[in-house]
């Protein structure tokens, strides 16, 4: 009979493996924002582990790995928050002096990760900047600045959270996870999805009409403009999200296993 330690070791060895991408210790971000990004990443890894998933960090700002090869190695992808995507990635010039911290190397790396994941039907979650990467990777555009005095941010570098509600739209994957209706969230962004990328639908909106959630229509991919991994968020939400994500990652992992020989 297996001991509890042996059972836990078995589960860990057979857990789906998820690539968690972010830009860490970036020269383009403030020290406060870099610290906030690290803390959020640590929180996400902890909640993934509790959902039975092994998260592996990759630094989008410095990795020399090929995104296509990384996607082949993992059962899921999460793209975390961070600085703004350079508008050149969605065919625009910089139109707002609020655009900050852009790093085209990190942009290109994460856009390639998302495109590879979608092409291979690898489950994807994009959080904050990650949702914007998700949209841009599939041909969408962004609102470069939602304007001052909004409900979405309280710090110039978006390193501090604010709280507001979002409405989950019925019939979406998010509604299947959280239920339809309104939930309270922690938010820190000054940009948002504008034109949606190919195959994406809106799944959540803020009271002012800003898109707060997107998802793939024909496979499993979700983008959240808010931070369910923030320590002040309702952590039951991230546990529900990661439980659903873990189930999809496990299905993908099973599909990658070689067929047994006769």
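Yes/no matrix, rows are residues, columns are (1) in contact with a strand residue (DSSP E or B) (Cβ under 8 Å, 6 or more places away or on another chain); (2) surrounded by fewer than 16 Cβ atoms within 10 Å (Cβ to Cβ):
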residue: 195; (1), (2): no, yes
residue: 213; (1), (2): yes, no
residue: 222; (1), (2): yes, no
residue: 226; (1), (2): yes, no
residue: 232; (1), (2): yes, yes
residue: 248; (1), (2): yes, no
Legend entry - Qualifying positions in region 216-241 - free of Cβ contacts under 8 Å to residues at least 60 places away in the same chain and farther than 27 Å from residue 190 by Cβ: 217, 218, 236
Inset, instruction - Report yes if residue 84 is more than 26 Å from residue 120 (Cα to Cα) and either buried (at least 23 other Cβ atoms within 10 Å of the Cβ) or free of Cβ contacts under 8 Å to residues at least 40 places away in the same chain (or both), otherwise no. - result: yes
Legend entry - Odd one out for residue 237, checked against (1) over 17 Å from residue 118 (Cα atoms); (2) in contact with a helix residue (DSSP H, G or I) (Cβ under 7 Å, 6 or more places away or on another chain); (3) modelled with pLDDT of 95 or more; (4) part of a loop (DSSP other than H, G, I, E, B): (4)
Inset, instruction - Please indicate, with yes or no, whether at least one residue in region 171-188 is on the phi < 0 side of the Ramachandran plot, exposed (fewer than 14 other Cβ atoms within 10 Å of the Cβ) and without any contact (Cβ under 8 Å) to a residue 12 or more places away in the chain. - result: no
Inset, instruction - Tell me, please, whether a residue that is within 30 Å of residue 147 (Cα to Cα), crowded, with 18+ Cβ neighbours inside 10 Å and in contact with a helix residue (DSSP H, G or I) (Cβ under 6 Å, 6 or more places away or on another chain) can be found in region 53-61. - result: yes
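Residue 96 - would you say it is modelled with pLDDT of 95 or more and either surrounded by fewer than 22 Cβ atoms within 10 Å (Cβ to Cβ) or over 16 Å from the mean Cα position of the chain (by Cα) (or both)?
Here the answer is no, as residue 96 does not meet what is asked.
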Legend entry - Filtered residue count, region 146-163, keeping only those that are closer than 15 Å to residue 225 by Cβ, crowded, with 18+ Cβ neighbours inside 10 Å and touching a residue at least 40 places away in the same chain (Cβ under 8 Å): 5
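Within region 119-135, does at least one residue satisfy the condition of being surrounded by fewer than 22 Cβ atoms within 10 Å (Cβ to Cβ) and within 17 Å of residue 193 (Cα to Cα)?
no
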Legend entry - region 242-253 residues that are at negative phi and in contact (Cβ under 8 Å) with a residue 60 or more places away in the chain, paired with ones that are assigned to a helix (DSSP H, G or I) and buried (at least 18 other Cβ atoms within 10 Å of the Cβ) (beta carbon under 7 Å, 6 or more apart): 242/47; 242/48
Legend entry - Residue that is nearest to residue 53 (Cα to Cα) [pool: residues in region 116-144 that are assigned to a loop (DSSP other than H, G, I, E, B) and either at pLDDT below 95 or within 15 Å of the chain's Cα centre (by Cα) (or both)]: 123
Legend entry - Matching residues, region 161-198, being within 16 Å of residue 136 (Cβ to Cβ) and over 17 Å from the mean Cα position of the chain (by Cα): 194, 195, 198
Legend entry - Any chance residue 213 is more than 24 Å from residue 252 (Cα to Cα), part of a strand (DSSP E or B) and touching a residue at least 24 places away in the same chain (Cβ under 8 Å): no
Inset, instruction - Hey, can you tell me all the residues within region 171-197 that are under 15 Å from residue 211 (Cα atoms), part of a loop (DSSP other than H, G, I, E, B) and out of contact with any helix residue (DSSP H, G or I) (no Cβ under 9 Å at 6 or more places or on another chain)? - result: 172, 190
Inset, instruction - Would you check if residue 15 is surrounded by 22 or more Cβ atoms within 10 Å (Cβ to Cβ) and under 23 Å from residue 249 (Cβ atoms)? - result: no
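The values are calculated or read from the model by the stated rules, or taken from the named source; none is laboratory data. Bear in mind that the values here come from a model prediction, so they are computed numbers and not experimental data. Note: ideal-geometry Cβ built from the backbone for every residue, glycine included; neighbour counts use all protein chains shown.
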